[in-house]
1. Just to be sure I follow: if Rg is taken over the C-alpha atoms of region 335-407 and Rh is the Kirkwood radius over the same atoms, what is Rg/Rh?
2. List the pairs from LYS378/LYS434; LYS99/LYS312; LYS151/LYS183; LYS151/LYS378; LYS434/LYS497 whose alpha-carbon separation is above 18 Å, in the order I gave them.
3. Compute the FRET efficiency between ALA610 and GLN71 as 1/(1 + (r/R0)^6), taking r as their Cβ-Cβ distance and R0 = 60 Å, and round to the nearest 0.05.
4. If I model a spin label as a point 7 Å beyond the Cα along the Cα-Cβ vector, how far apart are those points for VAL487 and GLU602 in nm?
5. Ranking LEU25, LEU239 by Cβ neighbours within 10 Å, fewest first, what do you get?
6. Identify, among GLN313, PHE293, MET365, the residue whose Cα sits farthest towards the positive end of the charge dipole of region 263-380, taking +1 on the Cβ of Lys and Arg and -1 on the Cβ of Asp and Glu, with the dipole about the Cα centre.
7. Can you order the peptides 131-137, 297-303, 407-413 by their average number of other Cβ atoms within 10 Å per residue, highest first?
8. How would you order 467-473, 313-319 from highest to lowest mean count of nearby Cβ atoms within 10 Å?
Amino acid sequence: MASTADTKPAARKRRFSSRLSAVPLSPGIYMMRAESGEIIYVGKASVLRNRLRSYFGANPCHDVKTRNLVQRIADFEYIVTESEQEALLLENSLIKQHKPRYNIRLKDDKTYPYIKIDVNEPFPQVYVTRRTANDGARYFGPFASAGSVRKTLALLKRLFPYRSCTKVITGVDDRPCLDFHIKRCVGPCIGAVDRDQYMHVIDQVVMFLEGETRTIVKGLGDEMMVASDALEFERAGALRDQLKAIERVYEGQKVLSMTGENLDVISLASDRDEAWVEVFFVRRGNLIGRDHFIMAGARDEGTPGILTQFIKQFYDTASHVPRRILIPEEVEDSEIIESWLSERRGGPVNLSVPKRGEKRRLLEMVGQNAAEGLEQLKLKWLSDSDVMDAAMQQLQEELSLPRLPQRMECYDISHIQGTNTVASMVVFEDGKPKTSDYRRFKIKTHDKNDDFASMREVLRRRFSRLQKAVEARESGEESKNDAFGIVPDLVLIDGGKGQLSSVLQVMLELGIEGVPLASLAKQEEEVFIPDSPEPFILPRGSQGLFLVQRIRDEAHRFAITFHRNLRSKSAKQSALDLVPGIGPKRKRQLVRQFGSLKGIREASIDDLAASPGMTRKLAERVKENV
């Protein structure tokens, strides 16, 4: 292991430059630390020196998340490994151990439950465990939650009469429990079956969990016929009922009618800092189960990066690795991951991105379920009045607001290099979007590349209208714009301290008092308020932070949508449309005579002036503007 450390940025950069040349050209993992010593990122590399240099090069091409990470790095460490696969395993282990804030990771991955069947016991039980071990028992999972595993156990208990008690089985109990009487247990406690007969039930449970439903159906059908031939009509009737129950489940499981493959189908949807990963488990063409998992730290990450981390962390503890895993996009380090999965499975594993056909349709169905799940999660959070009340109370307390922020307005600016600059105003009431009060603004004056000036213009226009609405109400007139006529409990600006200062200047100019202001900086999710030199850091995972993030993201979405619409319209314009005095008719005549915009540019002023409907003055304007 090697390390380097410094605290001052300039000295740190010099220190890194001298140390990077000593990093070996070997595979391994690296850990980035903040000034506090906290590990904030763990990564792996096939060539450590090249990967580490990519973070600190002269002209790095980093995405937003990586730029934020690099700004916080005060120290790095690395560990050399024998191979890239060993680096992958070590990276996964360290991510689980340290949960670095800039890594994508399964939320609460250490608490996922499994179904355990210890086949070495005389009369095995089927129960939930949160620990796996190499003890000869069969484990199925992991499941996303206790609720997921309870549903599976309830189905198993309805289909198979294994024991649910924890007593020591002697076979000589005086009387059985209720499960025996309602045919939910075969009664090993009273000696109604011996171990071999009981293990036959357990084998059926294992086969069902492995997707061998057709084998179970055939076996139960044969048993039913044997019992019927032997005139054991009560047993035959019980087997018939069990068979029908399993067949109903089996019919609902069928998803791949043309193949008997074993597949896991994975897709996802992401929003803000989290991603919803949906997994369908297909065994022999039957959907035997589905589950979802939440990945944290997914902000500014694309689908390939999230998939890569999910596959590594999920299959590190999964009880079964199928022959094929369907995914929507190619993942990073696919060959190394396939090699590792093949080693875990004891046979070849393929990560496949289907482009068409039945598998593609199945993958799209899983993706749709992921999107629906994420949307329902957001709606559930937004519709929970207790959660919203707690979030608003937290904001009132943390930001020292004079009243509960029941009506919040958030503003955002959107443009590309000063073109088509627009702004959005979104409104949340009682923690929920009030879309009828959303407003959009086109920036009209000044340098449109100046976000501060754009924000000042928007707030000046908005609160000037508030003043007019107040004056109208005081004079007995009816307000024409209810959205602008309501005083917000909190105005939230997307930006840092500079944006807040520019907005505060507008409020002072207009004489607006009693409207609390705050700004939310994206980088560290710091909240700035007037008259406070230090930002507020809302606790990670707190309801108050989730609420302001949700409002900020909604304002950004609304502004981006408006900006795209305007950009799309302007893209359809010709340069001729911007020349004063050139209308549709003259434009058509010029294009007809010169063939194209290029021909118009190459034409002389004399040639342009000689065109029908043109004058020399118009020709000069065309040459200046086209």
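1. Radius of gyration relative to Kirkwood radius: 1.35.
2. On the way: LYS378/LYS434 15 Å; LYS99/LYS312 14 Å; LYS151/LYS183 20 Å; LYS151/LYS378 23 Å; LYS434/LYS497 27 Å.
Over 18 Å apart, Cα to Cα: LYS151/LYS183; LYS151/LYS378; LYS434/LYS497.
3. On the way: r = 61 Å, r/R0 = 1.01.
Using R0 = 60 Å, I get an efficiency of 0.50.
4. A separation of 6.7 nm, rounded to one decimal place.
5. Details: LEU25 9, LEU239 21.
Lowest count first: LEU25, LEU239.
6. The one lying farthest along the dipole's positive direction is MET365.
7. Working: 131-137: 10.3, 297-303: 19.3, 407-413: 24.7.
Packing proxy ranking, top to bottom: 407-413, 297-303, 131-137.
8. Values: 467-473: 14.7, 313-319: 19.0.
Peptide ranking by packing, descending: 313-319, 467-473.
Read-outs throughout are calculated quantities, based only on the coordinates presented, and are distinct from any laboratory measurement. This one's a predicted model, so the numbers in the text were calculated from it and none came from an experiment. Reconstructed Cβ throughout: ideal geometry from the backbone, glycine too, with neighbour counts over all protein chains shown.
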